[in-house]
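Working notes, structure below.
The values are calculated or read from the model by the stated rules, or taken from the named source; none is laboratory data. Quick caveat: nothing in here was measured; it's all calculated off a predicted structure. Because the Cβ atoms are built from the backbone with ideal geometry, glycine has one as well, and the counts that use them run over all protein chains shown. These accessible areas exclude ligands, DNA and RNA; they are computed on the full protein's heavy atoms, side chains included. Shrake-Rupley method; radii C 1.70, N 1.55, O 1.52, S 1.80 Å.
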Amino acid sequence: MPPFRFRFDSLMDLRGRERDEAGAEVGKALEAIQRINDQIQEIDSQREMIRTAKNHTLQQASVSVDQMLHQGRYDVQLHADQISLRQTLAQLNQELERRREKLVTAEAEVKRLERLRETQLAEHRSLEAKQEQAEADDLTSARVLMRRRAMAAQSKETRR
């Protein structure tokens, strides 16, 4: 019997590569989300520093109106940047979910092909075992027949 060969090996390899690529894409999306979160946290700390500096300036005897306006404008700009980053983060989260769905689909396809391969391999092994058993039975039958013939020939010779 010829050795087992899964007809869909090339398809399984292709689906495996697609799954790996989908996993890499999920990883890239997670990295992008982490970078955006880091930027948001950095802006939060900058805004906190501005607030602290503003409070410190207000406590001083001489207050610079230009400095206060500059700090206020900078805080407003940082807040706008934060809003923009949060919108980007929402889009990235949507993209992450799309990529995760693609990964789940690709993983399911690979698993389906692996189960099919296992089923076909089990069938092949079963057929091989049956064929080996049939060959062993034929060999045993041939030996028994040869032994009977030999015993019959021997008994003919002893009768003479």
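Of all the residues in segment 1-39, those that are closer than 20 Å to LYS111 by Cα and either in contact with a Gly (Cβ under 7 Å, 6 or more places away or on another chain) or in a helix (DSSP H, G or I) (or both) number 18. For segment 27-43, state whether one or more residues are modelled with pLDDT of 95 or more, among the acidic types (Asp, Glu) and open to solvent by less than 90 Å² (accessible area, probe 1.4 Å). So far as segment 27-43 goes, yes, one or more of its residues are modelled with pLDDT of 95 or more, among the acidic types (Asp, Glu) and open to solvent by less than 90 Å² (accessible area, probe 1.4 Å). Applying the condition of being more than 30 Å from GLN87 (Cβ to Cβ) and among the hydroxyl-bearing types (Ser, Thr, Tyr) to segment 44-65 and asking which residue is modelled with the highest pLDDT yields SER64.
Going by what's in this entry, would VAL110 be described as open to solvent by 90 Å² or more (accessible area, probe 1.4 Å), at pLDDT 95 or above, in contact with a helix residue (DSSP H, G or I) (Cβ under 9 Å, 6 or more places away or on another chain) and part of a helix (DSSP H, G or I)?
Values: open to solvent by 90 Å² or more (accessible area, probe 1.4 Å): no; at pLDDT 95 or above: yes; in contact with a helix residue (DSSP H, G or I) (Cβ under 9 Å, 6 or more places away or on another chain): yes; part of a helix (DSSP H, G or I): yes.
Spelling it out, it is not the case that VAL110 is open to solvent by 90 Å² or more (accessible area, probe 1.4 Å), at pLDDT 95 or above, in contact with a helix residue (DSSP H, G or I) (Cβ under 9 Å, 6 or more places away or on another chain) and part of a helix (DSSP H, G or I).
Residues checked against (1) part of a helix (DSSP H, G or I); (2) over 30 Å from VAL26 (Cα atoms); (3) open to solvent by 60 Å² or more (accessible area, probe 1.4 Å):
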| position | (1), (2), (3) |
| --- | --- |
| GLN67 | yes, yes, yes |
| HIS79 | yes, no, yes |
| LEU96 | yes, no, no |
| GLU123 | yes, yes, yes |
| LYS130 | yes, yes, yes |
| ASP137 | yes, yes, yes |
| THR140 | yes, yes, yes |
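Taken as a whole, the condition of being in contact (Cβ under 8 Å) with a residue 12 or more places away in the chain, assigned to a helix (DSSP H, G or I), out of contact with any strand residue (DSSP E or B) (no Cβ under 6 Å at 6 or more places or on another chain) and open to solvent by 50 Å² or more (accessible area, probe 1.4 Å) applies to ARG100.
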